[in-house]
Structure formats: structure tokens, C-alpha cells
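J.: Below you'll find the structure I mean.
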Amino acid sequence: MQNSPDYTRFLSRAAARRQPSAIREATQLFARSPPSTISFAAGNPNVALFPFKEATITLKDDTTIQLDSSDMSKALQYLPTPGQSDLLEWLRKLQIRYHSPIDFKRYELCVTNGSMEGLSKAFELVLNTTESILVDSPCYSGSLDFLRGFGANIISINTDSNGMSAEYLNNILSNWSDLNTLPRVLYTIPNGSNPTGASMSLERKKDIYNIAQKYNLLIIEDDPYFFLQFKKLVPSFLSMDTDGRVIRLDSMSKVLSGGMRLGFFTAPIPLWQKLVYHQQVTSLHASSLSQMVALKLFEKWGLSGFHQHTEQISKFYENQKTLMVNAIKKHLNDMVTFNEPTAGMFIWMKVNGIDDTRKLIYEKALEQEVLLLPGSAFFSDQSKTYPYIRVSYSVCTPEQIETGMARFGKVLREELHK
Amino acid sequence: MQNSPDYTRFLSEAAARRQPSAIREATQLFARSPPTTISFAAGNPNVSLFPFKEATITLKDDTTIQLDSSDMSKALQYLPTPGQADLLEWLRKLQIRYHSPIDFKRYELCVTNGSMEGLSKVFELVLNTTESILVDSPCYSGSLDFLRGFGANIISINTDSNGMSAEYLHNILSNWSDLNTLPRVLYTIPNGSNPTGASMSLERKKDIYNIAQKYNLLIIEDDPYFFLQFEKLVPSFLSMDTDGRVIRLDSMSKVLSGGMRLGFFTAPIPLWQKLVYHQQVTSLHASSLSQMVALKLFEKWGLSGFHQHTEQISKFYENQKNLMVNAIKKHLNDMVTFNEPTAGMFIWMKINGIDDTRKLIYEKALEQEVLLLPGSAFFSDQSKTYPYVRVSYSVCTPEQIETGMARFGKVLREELHK
């Protein structure tokens, strides 16, 4: 494996401690022994006692997918931690199709209960309490919540309409005073960022990757809006990972179902192994039922059917984006400043002339029956006030977009003309 | 709340840091506002884009449960972290029926991705690295794997046919040299213990609870084989919890499905709250699809139908246990010593006259095409050898039980008469 970093550099003390399950040996030996072997070793419950036999799932195009009794037995029983093997094959095909990783054999995949579960495990893989991590500013609030609870030292890197600023990142790292505490890991949402809606261009990604090489950083690429890119797909960090320094998190939450908890990570094998050891003693594996349903869908659709589906999705969100942008321009005009996103579900607005959008929204806007999200949740320093708002255009109807923005326009005009 | 411990005593540093999600405020405000409010705040994806419409699940009695399009929408969308509200109502009814908790209002419930996920979060709730935890010896290998990876100081308490020894526990605590490091938490599987198959009698539970009161310990009651008790159900620690010092973990893995990842914990509200904060930034919630399927089943069966189902399950495992015990007596005779379990799926055998069952099984037994689990995986000291094996009778047919034990008998006779 050429150019790989020394992966032990990236392991937290807890990750370094983690070992394979103590009964793994028995499982592997049994798998390799002749079929006439009788085993009293496995602790699996008897699947014959589970009350479910078969299932028929009707899709929105009124075709169906079937789980016969053999499928259902598999959907009800424990799985190996990385996931159902046929589903993993499809997910590998996806990675090859969308990312053409430079040396795909150096990575392995693991299905998780949503990509957030994989992300939290990736944080725990690499960080010891009080250690530093480089993140977007503003940053996804769930990740900030996790990192604060974990006790990490959050280093916020300014972003612009192209995502994380390479210049700001380089400044922070080149001016870091204590080499012993230099951050070793960078975390970013490169497409349709939550909350800013910004997407990183290819050039910006290359700049960031170069800095990661210079300072030997691990890049955690968190990409739940990958399939919500409105135009051409921008190459991912995974696709340019010559060194094997990228852990990529994918999600089916915006594409197949958020509730079914289906995400997966792609990581260099030494790191994947440690992540799997951790998963083995926590959630064990993502729901077998969810994995079986996803597998049946891939078998029915193939990669081309899946791709068609993602195109419908990105068209829908693009249309919603257009409606929202028009409503903002019409009703809010120059009272706000924003960048038009090229992916995802969010618009990040700065309200000109207001310091504290939390007060504005919870006192004034709510009264006028319109709710937007104050941007303060997305900054690591929760003690300050901020002039930002996150607007989501994912679930509102065209009428609600129009009416809601008209209401908010009224709120702003009253507030600004006081 | 009478007699409650000071719960801050039981919080790890990480747990103490954990706070509600930063966007929770917005979610709660929107939930309380008039229905005419228009919200651009929620970051949910649009569920109409998910490809699944409806489902019909056929049960083993050939009746069906239906998920109509409204059910399916809910099954595909995010849920609040504690779980689906109607399902939680059923689970509360279960707890009242089976445990009649003394002051049920002091607890809350949360659904998790299997009880192991809940258990790992509970360990992280209460332990700082290097701190001590009192566990059964031998102990469930998955928990030992987790605790070793975590860096906990595992204090192994001897067990007998009635589970954890109150006398041994008391000795350990009363002779503890440094009061600053006295353990604050006890972890046990009280029914059909993995690996010993032992079940704690009511008297033993009372003795253990008294010691927990004396030393102000938290009791983690891990009870996945609760419904696999063959005779009368023994009252749980939850049922006798006058002080509010019990966190109970329940599992549907042996009852409805292991693969669907459905467990739930019952904890005193201050501890439940911290556990939920942690869950909110990791797996978010257990699969909505799994929860919806379970809900539909409860609606169809009611508590009495569920109870009937669990009775069928315990009868099945009891029958398997009888077959296995008879085969052991017939083929292994006085070459082994074991206690006959009253719950669960396991028999714990001591091989008389052999020090290292790992060697015995992987070299000799495997050759004779029979596999049992060496007991070493269940001891915290992995450097020693042990004379124990764990036998699982969950999935083997009557023929396999007979043939397998005949093979193992041959292996033992050859080994012992060398």
C-alpha cells in the first residue's frame, strides 16, 4: 500500500485498546469447518420462534418487492457487524461508480445505524478527550453537540460559499504554537453543508487535501447530501485520496429513508477494523430488516435505477430551492444576504442590521406564525449572538414558501424600521 | 421522589458534559405553536421522495399486519430519540405488567438498537476510564470486550448456581482499601446468564440490593433472557427498586427478532435524560421501520397475545434444555459437572480433569466435528486457561444434540484416558 500514513498516529487510546470479540475465533473456525460439524457454540436465538414469516412491500410506482420466508429469516437474525454481504457488494459498486477510488482495495465498508452513528464512532476512533479537531464554522449542530459532550477542543475554520477556507486552515495550522497538540483530524460536510448549504469546489478540495498531506491530517468526509447535488457531481475527497487518509460517511437518509437508519462508512482497512471492533460491542450491526429491504431494492433497480431515483430527488430539491430563493428575493430583498446553494436543503441567511436572530425569531417571528432556525446552534461558541438563520426548503409546499416568507418579510421590516 | 440517590454521583465526566441538542429549543417551540405556523426550521428530508409506499407482513400463523401509506411514512421518517410514542406506551404497559415498579413515574423508557447499544451507553454514562465496575464472573463476553476497550477496571465477583455471590460481593466492598476508588456500579445478567445459565433467586436479589443500598451502588440489570424463564418469573431488580438505583435493559432479540435491533432501557429520569442526550448525537434513534412493525404486532396481539407468545418461546427453550441435559448425562456422565438452568439458552460445564478447554475443543473436538465454546472468552483474565465450556441449546435439532454430544463424549473419553 503506497503512501499510506502510519495509521497508529490516528488512533485514540480507546481505539488502540479495542480488540476483536473474544468469541470471534470460534465463529471463524466454525465457518471454515465441514458442513457436517455440529456446533453448540453460537449464542444465536432460534429464528423459528420469531413471529414474522414473509413480507410484501409496495413501492410508490406500485411495483412490489418480496421478502420470502428465507429472506425474512435473514432479515430477523443477527448479521456480521459490517453488514449483509450482498448489500455490501452493492454499496461497493456504488463507491466505484460515484468515486472511482484510486486504490479501492485499501478500504473496506461497514453499514451503520445512520451515518451519524458512523460519524460518532469515527470521532471516538481518532480523538482523546481535550484533543483538537478542525471543523467548518458554522458546523452541523449534531456534530458540535457530540464533540462538546466528548470534550474535544473544537477548532472552527471559517467557511465561504465554497466551504472550508483553505487559507484560514493553513493559517491556523502554520501558526499553531505547540507541535505536540497540533490537530490530526479534519471534519467537513463538503456538499450542501448543514447549515450553510455551501458545496466545496474541486479546486478547494484539492487545496484542502494538499494541506492535509502537508500536516498529515485524517479527513472525515461527511456527505449525506451527496445525491442532492443539483448539477454535475463534484469529485469527492475519497476519489482523490492518493494517500489513504480519508474516512468517508455516506447516508441513505435523504434518498431511501431517514427512519430506517441506513448509513455506511468507507475507511482504510486498519481504521475500518478498529471501527468494526467498536461497533461489535455497541449496536452490533444495523437493522437486518432495513438492510434486507435496501438489498431487495438494489436488486430490483440495479445501479441505473438507483441513479434515476437520485436524479428525481435532486430535481425535487433543486425546484424547492428555486422557489425559496425567489420568495426570499421577493419578500426579504436586501434585508438579508445569502449564497444560492448548488446542493442540499438549506439556505444560510445573514440578516442585515440584526445581531441576535434567536431573539428575533422566538419573540417576533413565532408571533407572526413563521419559524426559522436561529444560526447560533451551529457555532461552537454558544455564548455569543449571531445574525444568521438557517432556512430549510425540504418539506414546505410552494404556498407555504410564499406565505411564510411574506410573514417573515413583515417581521423584518417591522424590526428594522423601529 | 423519596429515597433517590444523588444521581450526579453516578455520572461520568462525559455524561456530566452532555447537554440537550442545540436545536431542541426550536423543535419544542414549533410543537407548541398553532398549526397555522409555517416552519422552515426542521432539517428533515422530504418523505414523499422515499420509494416505499405500503407493506404487508405475514405472520407465522398466516395472519397479516398492514402498514398503510400513513404508517409507512412514519416508518420511513426520523423519530424522537426515545422512540415511537405509541410503542413506548406498550412498553410501559409491559413494564407495569411484569415488574410493577414501586414508583413508575420516576423512570422513563427509551428504545435502542438492541439492548447492547443501551448497555454500552449505560457503561459510558457511569464510568470514567480506569474506574471500577463490579461484574459477574464469568461474564458476558461482549460486555467484557466493551469494558476492556473502554479501559474500565473490571472487578469480577464469583457466581454460583444462583448468580452473583452476595457474600463475595460484600467481602470485596468491605475490604476495599481506597474509599476514593470504591466501585459505584454493579452489572449483572440475572436470568439465564450468559454464559453460566444461572438465574438469581429472589432472596439473592434482595441480598444484592441490600448491599447496593449499603454502598450506594447503581445496579445495571441486563435481562435479555427474561422471557426465557422456564417456570415462574422471578421478580426483577426493577420491581424491588425502592430507591431508584436500577437501570434495567430489556431486549426483543430472543422474542421478536435479533436482527431488527429492538431493545429498550428503563432508567430513573435524571439518568434517562443523560442517556437520551448521548443517543441524540450517535444513532439518533432505533429504526423507525422496526419500531412500526413491533407496534403493529402489539396492537394485533395486545399484552395477552404477547404473553402467549413468550410462553411458547420459554416452552421451546425448556424442551431444548431437557434434551441437552439428558444427552449430557447420557454421553458425558461424570466427566463433566454442571448446573441445570431454569432460564435461557446456555449450560456451563466444567470438564473434570482438564485445565484448558480451548486446546481440547480447537484441537480435538473440532477434528471430531463437534464445536463447543471454550469458557475462556467469559473471564476478564484472558491470560489463564480454564476448564469450562459453554453449551448453547438454542438452534440444534434433537438429532444434532444426540449426535453432537455422542461425539464430544468420545473426545472426552480419549482425552481423559490418555
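Laboratory data are not the source of any read-out in this text; all were calculated from the coordinates shown. Not measured: the values here are computed from a predicted model. Heads up, the Cβs are rebuilt from the backbone with ideal geometry, glycines too, and the neighbour counts pull from every protein chain shown.
J.: Where Rh is the Kirkwood radius over the Cα pairs of the protein assembly as shown, the temperature 10 °C and the viscosity 1.306 mPa s, what D in µm²/s does Stokes-Einstein return?
T.: 56 µm²/s
J.: Using the alpha-carbon atoms, what tilt in degrees (0 to 90, nearest 10) does helix A:288-331 show relative to the longest principal axis of chain A?
T.: 0 degrees
J.: Using only alpha carbons, build the gyration tensor for region A:269-375 and give me the equivalent ellipsoid semi-axes, biggest first, whole Å.
T.: Working: eigenvalues 321, 102, 38 Å².
Gyration-tensor ellipsoid for region A:269-375: 40, 23, 14 Å.
J.: How large is log10 of I(q)/I(0) for region A:341-412 at q = 0.14, 0.16, 0.26, 0.28 Å⁻¹ when the intensity is taken from the Debye formula with one equal scatterer per alpha-carbon?
T.: Cα-only, vacuum Debye calculation for region A:341-412: -0.44, -0.57, -1.29, -1.38.
J.: Here's something else I'd like to know. So what is the relative contact order of region B:311-417, in percent, for Cα pairs below 8 Å that sit 6 or more residues apart? Present the calculation step by step, with values, prior to reporting the outcome.
T.: Values: 140 pairs, mean separation 35.0, N = 107.
About 33 percent, as a whole number.
J.: Between region A:304-369 and region B:296-345, what is the separation of their alpha carbon centroids in Å?
T.: 58 Å
J.: Here's a follow-up. Calculate, for B:ALA406 and A:ALA16, the FRET efficiency according to 1/(1 + (r/R0)^6) with r their C-beta to C-beta distance and R0 56 Å; round to the nearest 0.05.
T.: On the way: r = 45 Å, r/R0 = 0.81.
Result of the calculation: an efficiency of 0.80.
J.: I've got another one for you. Please compare each pair in A:LYS60/A:LYS231; A:LYS232/A:LYS384; A:LYS93/A:LYS274 to a cut-off of 27 Å on the Cα-Cα distance and tell me which ones are over it. List each step's numbers first, then the result.
T.: Working: A:LYS60/A:LYS231 25 Å; A:LYS232/A:LYS384 38 Å; A:LYS93/A:LYS274 23 Å.
With Cα atoms farther than 27 Å apart: A:LYS232/A:LYS384.
J.: Quick one: grab the alpha carbon gyration tensor of region A:35-115, order the square roots of its eigenvalues as a ≥ b ≥ c, and give me rounded if a/c is under 1.5, else prolate or oblate depending on whether a/b is larger than b/c. Display every interim value, and only then the final one.
T.: On the way: a/c = 2.66, a/b = 1.25, b/c = 2.12.
Since a/c reaches 1.5 but b/c is at least a/b, the shape of region A:35-115 is classed as oblate.
J.: Enumerate the aspartates and glutamates that A:LYS359 could reach by cross-link, defined here as Cα to Cα under 19 Å, with residues fewer than 8 away along the same chain left out.
T.: A:GLU367, A:GLU369, A:ASP381, A:GLU414, A:GLU415, B:GLU25
J.: Then there's this: Taking Cα atoms, how many degrees apart are the long axis of helix B:141-150 and the longest axis of chain B, rounded to 10 and kept between 0 and 90?
T.: Tilt relative to chain B: about 60 degrees.
J.: Students often forget the sequence filter, so: which aspartates and glutamates lie under 15 Å Cα-Cα from B:LYS254 once same-chain residues fewer than 8 apart are removed?
T.: Excluding near neighbours in sequence, the set is B:ASP222, B:ASP223, B:GLU311, B:GLU318.
J.: Can you compute the FRET efficiency between B:ASP86 and A:LYS364 using 1/(1 + (r/R0)^6), with r the Cβ-Cβ distance and R0 = 60 Å? Round to the nearest 0.05.
T.: In this case the efficiency is close to 0.95.
J.: For an R0 of 22 angstrom, estimate the FRET efficiency from the Cβ-Cβ distance between A:TRP176 and A:ASP381 and round to the nearest 0.05.
T.: Working: r = 19 Å, r/R0 = 0.88.
Calculated transfer efficiency: 0.70.
J.: Lysines within cross-link reach of A:LYS330: Cα-Cα under 17 Å, excluding same-chain residues under 8 positions apart?
T.: A:LYS321, A:LYS350, A:LYS410
J.: Could you check the simple spin-label distance between A:GLU167 and A:ASN339, using points 7 Å along Cα→Cβ, in nm with one decimal?
T.: In this crude label model, A:GLU167 to A:ASN339 measures out at 1.3 nm.
J.: Given a cut-off of under 8 Å on Cα pairs at least six residues apart, what relative contact order in percent is computed for chain B? Provide the component values of the computation, followed by the final result.
T.: Details: 699 pairs, mean separation 80.6, N = 418.
Value for chain B: 19 percent.
J.: What number, in nm² with one decimal, is the all-direction average of the projected area of the convex hull of the alpha-carbon atoms of chain B?
T.: Working: hull surface 93.5 nm².
Convex hull of Cα atoms, orientation-averaged projection: 23.4 nm².
J.: Same structure again: Put a dot 7 Å past each Cα toward the Cβ at B:LYS206 and A:PHE30; how far apart are the dots in nm?
T.: Reported label-point gap for A:PHE30 and B:LYS206 is 4.0 nm.
J.: Could you put B:SER383, A:SER85 in order, starting from the residue whose Cβ has the fewest other Cβ atoms within 10 Å? Could you put the intermediate results ahead of the total?
T.: Details: B:SER383 6, A:SER85 10.
So the ranking, lowest neighbour count to highest, is B:SER383, A:SER85.
J.: Would you list B:LYS121, B:LYS384 from fewest to most Cβ contacts within 10 Å? It would help to have the intermediate numbers written out before the result.
T.: Numbers: B:LYS121 23, B:LYS384 9.
With the fewest neighbours first, B:LYS121, B:LYS384 line up as B:LYS384, B:LYS121.
J.: So for region A:181-315, considering every pair of alpha-carbon atoms, how many percent are separated by more than 18 Å?
T.: Working: 5623 of 9045 pairs.
Tail of the P(r) past 18 Å holds 62 percent of the pairs.
J.: For the Cα atoms of chain B, what angle does the longest principal axis make with the long axis of helix B:114-126, in degrees from 0 to 90, nearest 10?
T.: The angle comes out at about 80 degrees.
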